[in-house]
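Nothing in this text is a laboratory measurement; each read-out follows from the coordinates by a stated rule. Because the structure is predicted, anything quoted here is derived from the model rather than measured. Cβ coordinates were reconstructed from backbone atoms using ideal geometry, including for glycine residues, and neighbour counts include every protein chain displayed.
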Amino acid sequence: MTNDRYVSPLSERYASREMQFIFSPDMKFRTWRKLWIALAETEKELGLPITQEQIDELKAHADDINYEEAKAREKIVRHDVMSHVYAYGLQCPKAKGIIHLGATSCYVGDNTDIIVMREALRLVRKKLLNVMAALADFADAYKAQPTLGFTHFQPAQPTTVGKRASLWLQEFWLDLEEIDHVLENLRLLGSKGTTGTQASFLELFDGNQEKVDRIDPMIAEKMGFSRCMPVSGQTYSRKVDTIVLNAVAGVASSAMKMATDIRLLQHLKEVEEPFEKTQIGSSAMAYKRNPMRSERICSLARYVMIDVLNPAVTAGTQWFERTLDDSANKRLSVPEAFLAVDGILDLCINVTDGLKVYPKVIEKRLMSELPFMATENIMMDAVKAGGDRQELHEKIRTLSMEAGRRVKEEGLDNNLLELIAADPSFHLTIEELQSAMDPSRYIGCAPHQVERFLEEIIRPLLRENRDALGMSAEINV
C-alpha cells in the first residue's frame with residue numbers, strides 16, 4: 001500500500017475481497033475473453049469459416065491475460081477494447097483475425113457490465129440471507145419479551161423485542177424479493193452492432209436474417225442467460241443500471257432503519273451492538289460504548305441511497321443510440337454502490353449476530369410507563385366494581401396528569417396507581433391495581449405474529465437457501 005495518493009476507503013476499510021474481485025480488472029477482462037469465445041463459437045456454429053483450432057486457441061488463453069502488452073498498446077491507440085483485442089491476438093496468432101468479428105466495443109463492455117452486476121447481486125443476496133437468518137433467530141428468542149413501544153419516539157403501547165426485530169426482518173425480506181425479481185429479469189445486451197441494427201452481422205451472413213436472429217439467443221445461453229435485450233441502440237438501456245441500483249439502495253435503506261433503531265435503543269441502554277473487550281469508544285471519554293457499527297451502516301447507507309441518482313440521470317441523458325457521458329459515471333456509481341452495500345451487509349451480519357439485550361433495563365422503563373397504558377383496563381375493572389364509566393374516565397385523566405407532572409417536574413416515580421387506590425370512586429386496592437401491571441397482558445398478538453411470520457415465510461425461505469447460510473463477517477476497523 002502506498003501512502004502518497006488517494007486510496008478508496010471502500011476497498012481499504014469496508015468492502016470484502018469477494019465483492020472487490022467482482023469489480024476488478026481481472027474479472028472484467030476475463031469476461032471479455034469469454035464473450036469473444038462465445039461470439040466466435042456462435043459464428044462458427046452458424047456457418048462462418050472459423051475453425052475449432054481457432055476456438056481452442058482462444059480458450060487456452062482465456063485467463064492468462066497479457067496485461068503489459070494491452071497497456072502498452074492502449075498508450076498508442078487510446079482504445080481499451082482494441083488494445084485487448086490486439087493483446088489477445090498476440091497470444092492467439094491463428095485466431096487473431098476472427099476475434100471481435102462483427103462486434104462493437106459495447107459487445108464486451110456492456111455485456112460484461114451486466115454479467116458483473118449479476119454476480120454482485122448474487123453476493124448481495126447471499127449476505128442478505130445471512131442477515132435475515134440472524135434476525136430470525138433473534139426475533140424468535142425475544143418474541144415474548146415485553147418492551148415499551150414508541151410512536152414519534154414517545155411512549156406508546158407495549159410491543160415485544162422480537163416483534164420489533166421482525167419489522168427489521170420484513171424490510172430485508174422485501175429487499176430480497178426485489179433482488180430476486182431483478183436477477184430473474186436481467187438480460188444481456190447481446191451483439192447488436194454500432195447502432196443496434198445488427199447491420200454488420202447481416203453483412204457477415206450474406207443477408208440471412210434467420211441466422212442473425214439466432215446470434216443473441218446462442219450467446220445468451222453460452223453466458224448463462226435466458227435472453228437478451230429485444231432491441232437496443234449501441235448500448236443496453238441505462239435504465240437497467242437504475243433498476244439494479246434501486247434494488248441495492250433498498251437494502252441500504254432497510255439497514256439504515258435497523259441501525260437507527262439500534263442506535264436509539266443503545267442510548268436507552270436496552271439493546272447494544274457488539275462491543276469488543278479491548279474496543280475504545282472515545283479518545284476522551286473512556287467509559288463510552290458508542291454504536292459505531294450501526295453508525296457506519298447509516299453512513300454508508302446514506303451514500304448508496306444518494307448514489308442511485310447517478311444512473312437515473314445517466315439514463316435520462318443518453319442521446320439517441322448512445323453518448324459516452326455515461327462511461328466515467330458508470331465506472332464510479334455502479335461499483336461503489338455495490339462495494340458500499342457489501343460493507344453495509346458485513347456490518348449487519350456482525351451486528352445482528354451479536355446483539356445484546358438488557359431485559360432489566362427494558363422492564364424498568366416499561367413499568368415506569370405501564371400505569372398510564374393500563375388505565376383503560378383499570379377503568380373497566382372499576383366499572384365492574386360498581387363505578388360510573390364517564391366519571392371514572394375524567395378522574396383517571398386528572399390523576400394521570402398529576403402523576404405525569406410529578407414525574408416530569410419533580411423527577412419522582414410514577415405514582416398513578418397510588419393516586420387511584422386512594423380515590424374511593426374506584427373501589428380498588430393497591431394490590432388489585434398492581435396485579436394489573438403484568439406487561440404480558442398488553443403486548444397483544446405480538447408473539448403470535450412473530451411465530452407466524454417466521455414459520456410461514458422466513459423459515460421456509462431460509463431452508464430453500466440453506467447453502468448460502470453460515471457466513472461470518474470480519475470488520476476491518
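Summary of computed values
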| quantity | calculated |
| --- | --- |
| Zero-based 20 Å bins, Cα pair distances in the chain, whole percents | 20, 39, 25, 12, 5, 0 |
| Distance between segment 13-61 and segment 96-119 - C-alpha centres, whole angstrom | 8 Å |
| Hull volume in cubic angstrom per residue (convex hull over the Cα atoms of segment 9-98) | 111 Å³ |
| Qualifying trypsin sites (Lys or Arg not before Pro) in segment 1-84, DSSP loop, other Cβ atoms within 10 Å at most 14 | Arg5, Arg78 |
| Qualifying GluC sites (Glu not before Pro) for segment 386-477 [loop in DSSP, other Cβ within 10 Å: at most 16] | Glu474 |
| Quarter of the Cα convex hull surface for segment 67-116, i.e. its orientation-mean projected area (nm²) | 3.8 nm² |
| Local electrostatic count at Arg365 - Lys and Arg +1, Asp and Glu -1, tallied over other residues with Cβ under 11 Å | 0 |
| Cα centroid separation - segment 438-477 against segment 122-149, whole Å | 4 Å |
| Radius of gyration and maximum dimension Dmax of segment 375-436, Cα, Å | 11.4, 35 |
